[in-house]
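**Q** Right, I'll just put the structure down here and ask away after.
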């Protein structure tokens, strides 16, 4: 999948992955790969800045933990993040309907 296709959709994708449980960055990356059938495999240079940006915006909260002697940051969805995710899902549904109307006329 082209990176341009993800532009504008990455935030709700990340928020959706942590919607039900807190995850560390690598687990978020793995979940995105699994949920997209391998179509989305973000470089760390894209994922981690996005996580920090979402945290600064108040959509994610994080805390450090130590697992097996290794420190890792775990991210969880905040109340504001739930609101943003709901808006992202709604926007995606509208976008999908518009694209179906254009690309599959009479089928949508």
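The values are calculated or read from the model by the stated rules, or taken from the named source; none is laboratory data. Keep in mind that what you see is a predicted model, and the values were worked out from it rather than measured. As a convention, Cβ positions derive from the backbone with ideal geometry for all residues, glycine included, and neighbour counts pool all protein chains shown.
**Q** If I ask for residues that are assigned to a helix (DSSP H, G or I) and either in contact with a strand residue (DSSP E or B) (Cβ under 7 Å, 6 or more places away or on another chain) or over 21 Å from residue 92 (Cβ atoms) (or both), which ones from the stretch 1-27 would you list?
**A** Selection gives 15, 17, 25, 26, 27.
**Q** Of the residues that make up the stretch 31-49, is at least one within 15 Å of the chain's Cα centre (by Cα), in a loop (DSSP other than H, G, I, E, B) and crowded, with 17+ Cβ neighbours inside 10 Å?
**A** Yes: the stretch 31-49 contains one or more residues that are within 15 Å of the chain's Cα centre (by Cα), in a loop (DSSP other than H, G, I, E, B) and crowded, with 17+ Cβ neighbours inside 10 Å.
**Q** Under 8 Å between Cβ atoms, which residue pairs at least 6 apart in sequence (or on different chains) link something in the stretch 73-102 that is loosely packed, with under 12 Cβ neighbours inside 10 Å with a partner that is at pLDDT below 95 and outside any strand (DSSP E or B)?
**A** Filtered contacts from the stretch 73-102: 97/108.
**Q** Residue 58 fails exactly one of the following numbered conditions: (1) at pLDDT 95 or above; (2) in contact with a helix residue (DSSP H, G or I) (Cβ under 8 Å, 6 or more places away or on another chain); (3) part of a helix (DSSP H, G or I). What is the number of that condition?
**A** If we test residue 58 against (1) at pLDDT 95 or above; (2) in contact with a helix residue (DSSP H, G or I) (Cβ under 8 Å, 6 or more places away or on another chain); (3) part of a helix (DSSP H, G or I), just (3) comes out false.
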